[in-house]
Amino acid sequence: MLKKLLRKSLTASQVITYGITLLVGVLILLLTVQLYVDLAPMLRQNSSVFKKNAVVVSKNISVLKSMDKGKVAFSDKETTRLKEQEFVKGIAFFRSSRFHVAAYIEQSEDIPLFYTDLFFESVPDDYLDISTSDWKWNPDSNFIPIIIPEAYLNLYNFGFAESQNLPVISPGLISRISFNLKLSGNGKTDHYVGRIVAFTEKINSILVPDDFLQWANQYYAYEEELRPGRLLVEFENPSDEQIARFFHENNYSINQNELEMSRLFFFFRLIFTAFLFIALIIVILSLFYIILSVKLILERKKETILNLAAIGYNYKQIASHYQRLVSVTSIVAIALSCLASLLIRQQHVIYFRQFFEITTNPAVTIWVSIGLMVILLSAYNVVVRRTVRRNTGQG
Amino acid sequence: MQIRIQQLKPNYMSEEEVLPSDIYLKESVVFEPGAFYLIHAASGKGKSSLLNFLYGLSFQYDGSVRIDNAEPNPSLRLSRLSYVFQDLRLFPELTVMENILLKNQLTGYKTIGEIESLLDEFGLLYKCAAPLSTLSLGQRQRVAIIRALCQPFNFLLLDEPFSHLDPANIEIAVNMLAREIKKQDAGLILTSLERENYFEEMSVLEL
């Protein structure tokens with residue numbers, strides 16, 4: 001009887017419109033969130049010889065700056081400001097050799113006579129991800145381990161060796177070749193033995209252990225310490241989009257590859273946020289639509305509801321009639337979205353697995369679905385109950 | 001169950017409008033359990049308002065209404081107070097039987113057979129399945145009376161219940177009500193424009 005009295009309240013088209021809108025909104029929402037969860041770890045990945053999350057920062061060199069070397073260096077103020085940025089975990093200075101360095105090899109069968117002026121730089125060992133036991137300087141021995149950019153070897157192998165008809169050298173081979181080093185300055189000259197122990201892609205410099213350079217600078221140096229022209233900056237999260245913005249604003253140069261991920265991640269997040277926003281708007285609008293429809297019906301049925309209350313019906317009994325249909329529709333719509341989202345995810349995981357490993361699981365889809373169900377149902381039912389209660393004068 | 005009212009006055013009426021009577025603005029009026037009361041007044045004096053205050057449908061009054069020392073509340077409507085509204089409050093989209101069952105479903109107080117015999121008493125059994133909208137006002141009034149009997153109560157409130165009934169039907173109604181009220185050991189508060197003692201031993205209160 002109550003059904004007969006209150007029926008023809010919500011039309012089928014209203015309920016179906018609500019169900020479909022909610023389904024579409026929730027499906028977009030779930031897919032977006034799941035895709036984000038699946039892809040984010042891949043985009044955050046960062047592998048390098050260097051310590052993770054650390055990059056080399058320098059100032060851009062312009063025509064004007066080339067006249068004045070001081071302008072290429074970082075001032076104390078600039079380094080302090082950099083340190084204060086919240087995305088910076090720590091910074092380290094490059095130490096440069098301030099004495100004369102020459103490398104040479106005496107003539108042998110395979111390798112030609114070779115003599116070149118060199119320079120050394122060093123960074124704190126914390127910033128290097130090199131585990132080899134060779135990377136150690138012993139003050140008692142005359143051995144100096146060296147790291148050179150991989151590009152140097154390539155330059156020799158594919159450019160110089162080719163054109164000069166010289167043999168090519170593999171990284172393994174070069175690591176076994178020792179060469180002589182002549183260090184001079186401050187009126188002293190000493191000979192050492194050097195060997196390349198590792199290669200780096202990240203930094204264009206010839207690196208030696210920091211403690212060695214510190215000692216050597218004191219021993220051979222004849223000039224005051226220069227301001228650091230290059231910094232090593234360690235980030236909290238290298239995909240933070242603030243990083244690219246900050247370096248761009250300050251006209252600092254940063255290894256482009258390092259920022260590539262950051263940029264990619266930034267755009268990925270932008271798209272993700274846009275989709276999330278659209279999905280939320282659809283979900284919220286669908287909820288508003290059904291609440292508005294029900295409120296309108298309650299207004300139209302106000303007298304019936306008042307009379308039902310007068311003969312002893314509780315507002316909860318009356319409200320439950322309007323709660324049931326919409327609640328069931330919401331649950332079915334969200335459950336269908338969840339199912340569809342899981343099926344679609346299964347397909348995209350198969351596709352993505354061709355390119356990289358996916359270790360995440362679809363739990364987030366299920367949790368978000370449950371969360372949405374709880375939030376939507378509570379919001380709807382609270383509003384309906386409150387409206388009916390007001391209409392019955394039992395509030 | 002005892003109903004006690006004190007210093008009662010509808011708050012939408014001024015002091016001048018509400019002349020001191022047997023009820024309004026009285027220090028204390030008590031409706032004793034099992035007793036019958038006729039509230040007599042001309043139109044517009046606030047008879048329906050009084051019953052609505054007692055039933056907990058309206059709270060637009062000054063003073064106090066206490067039912068067994070508590071404020072009137074909706075939960076009394078299922079087992080303590082029954083009410084035949086002046087405007088009946090039936091549902092025209094339902095049939096006669098559905099209108100009665102809507103109430104009886106809440107209480108489970110009468111069987112279908114009992115309801116049918118009450119309808120028969122009023123000569124309305126043949127209208128059982130007819131939509132209420134096809135009934136005359138007098139017929140509807142009788143349906144409303146039967147509906148009010150489909151629950152346990154301590155007091156039956158009747159707001160001009162016979163206004164559209166002919167003397168023959170009034171007699172049937174009075175007999176039916178007297179029987180049902182006696183069965184429940186209940187009291188009765190009836191408002192009327194006429195000062196007529198429908199039931200034996202009725203106290204008359206002027207409003």
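Quick look at the numbers
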quantity: Residue match in segment B:64-71 (condition: within 12 Å of chain A (Cβ to nearest Cβ) and either farther than 29 Å from A:Leu5 by Cβ or at pLDDT below 95 (or both)); calculated: no
quantity: Segment B:26-53 residues that are within 23 Å of B:Leu177 (Cα to Cα), paired with ones that are modelled with pLDDT of 90 or more and in a helix (DSSP H, G or I) (beta carbon under 7 Å, 6 or more apart); calculated: B:Ile39/B:Lys47; B:Ile39/B:Leu50; B:Ala41/B:Lys47
quantity: Helices (runs of 4 or more DSSP H) fully within segment A:113-211 counting 1 or more residues that are under 21 Å from A:Val101 (Cα atoms) and hydrophobic (A, V, I, L, M, F, W, C); calculated: A:150-154, A:171-174
quantity: Any hit, segment A:339-357, residues being within 14 Å of another protein chain (Cβ to nearest Cβ), in contact (Cβ under 8 Å) with a residue 24 or more places away in the chain and either surrounded by fewer than 16 Cβ atoms within 10 Å (Cβ to Cβ) or β-branched (Val, Ile, Thr) (or both); calculated: no
quantity: Residues satisfying the stated conditions in segment B:116-136, i.e. assigned to a helix (DSSP H, G or I), under 23 Å from A:Lys4 (Cβ atoms) and of a type outside the set (Ser, Thr, Tyr); calculated: B:Glu116, B:Leu118, B:Leu119, B:Leu125, B:Lys127, B:Leu132
quantity: Segment A:306-331, residues that are surrounded by fewer than 16 Cβ atoms within 10 Å (Cβ to Cβ) and within 12 Å of another protein chain (Cβ to nearest Cβ); calculated: A:Leu306, A:Lys316, A:Gln317
quantity: Matching entry among A:Ser66, A:Ser47, A:Ser62 (being at pLDDT below 85 and closer than 24 Å to A:Asp126 by Cα); calculated: A:Ser47
quantity: Residue in segment B:88-104 that is more than 8 Å from chain A (Cβ to nearest Cβ), without any contact (Cβ under 8 Å) to a residue 24 or more places away in the chain and either closer than 24 Å to B:Gln2 by Cα or not in a loop (DSSP other than H, G, I, E, B) (or both) present; calculated: no
quantity: Single condition B:Tyr55 does not satisfy, out of (1) within 9 Å of chain A (Cβ to nearest Cβ); (2) surrounded by fewer than 16 Cβ atoms within 10 Å (Cβ to Cβ); (3) touching a strand residue (DSSP E or B) at 6+ places or on another chain (Cβ under 6 Å); calculated: (2)
quantity: Selection count where residues are surrounded by fewer than 17 Cβ atoms within 10 Å (Cβ to Cβ) and more than 14 Å from chain B (Cβ to nearest Cβ), scope segment A:1-36; calculated: 8
quantity: Hits in segment A:361-395 (condition: surrounded by fewer than 17 Cβ atoms within 10 Å (Cβ to Cβ) and polar (S, T, N, Q)); calculated: A:Asn361, A:Ser378, A:Gln394
quantity: Close pairs from segment A:374-385: first outside the structural domain of A:Leu292 (by TED's automatic domain parsing) and farther than 13 Å from A:Leu292 by Cα, partner among the hydroxyl-bearing types (Ser, Thr, Tyr) and at pLDDT below 95, Cβ under 7 Å, at least 6 apart; calculated: none
quantity: From A:Ile290, A:Ile281, residue being away from every other protein chain (no Cβ under 14 Å), more than 24 Å from the chain's Cα centre (by Cα) and at pLDDT 95 or above; calculated: A:Ile281
quantity: Breaking point among (1) in a helix (DSSP H, G or I); (2) in contact (Cβ under 8 Å) with a residue 60 or more places away in the chain, for B:Pro161; calculated: (1)
quantity: Some residue of segment A:75-92 being modelled with pLDDT under 70 and more than 24 Å from the chain's Cα centre (by Cα); calculated: no
quantity: Segment A:180-204, subset modelled with pLDDT under 85 and polar (S, T, N, Q), residue farthest from A:Tyr127 (Cα to Cα); calculated: A:Asn186
quantity: Candidate set from segment B:80-114 (those that are touching a Ser or Thr at 6+ places or on another chain (Cβ under 8 Å) and surrounded by fewer than 16 Cβ atoms within 10 Å (Cβ to Cβ)); member that is nearest to B:Leu158 (Cα to Cα); calculated: B:Pro92
quantity: B:Leu81, sole failed condition from (1) more than 9 Å from chain A (Cβ to nearest Cβ); (2) more than 19 Å from the chain's Cα centre (by Cα); calculated: (2)
quantity: Every residue from segment B:50-81 that is among the polar types (S, T, N, Q) and in contact with a Lys or Arg (Cβ under 9 Å, 6 or more places away or on another chain); calculated: B:Ser64, B:Asn69
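Residues are listed down the side, and each one gets a yes or a no for (1) under 20 Å from A:Tyr115 (Cβ atoms); (2) basic (Lys, Arg); (3) loosely packed, with under 13 Cβ neighbours inside 10 Å:
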| residue | (1), (2), (3) |
| --- | --- |
| A:Gln164 | yes, no, yes |
| A:Leu181 | yes, no, no |
| A:Gly194 | yes, no, no |
| A:Val197 | no, no, no |
| A:Lys202 | no, yes, no |
| A:Ile206 | yes, no, no |
| A:Leu213 | no, no, no |
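The values are calculated or read from the model by the stated rules, or taken from the named source; none is laboratory data. Bear in mind the structure is a predicted one, so any value in this text is a computation, not a measurement. Note that we place each Cβ from the backbone using ideal geometry, even for glycine, and neighbour counts take in every protein chain shown.
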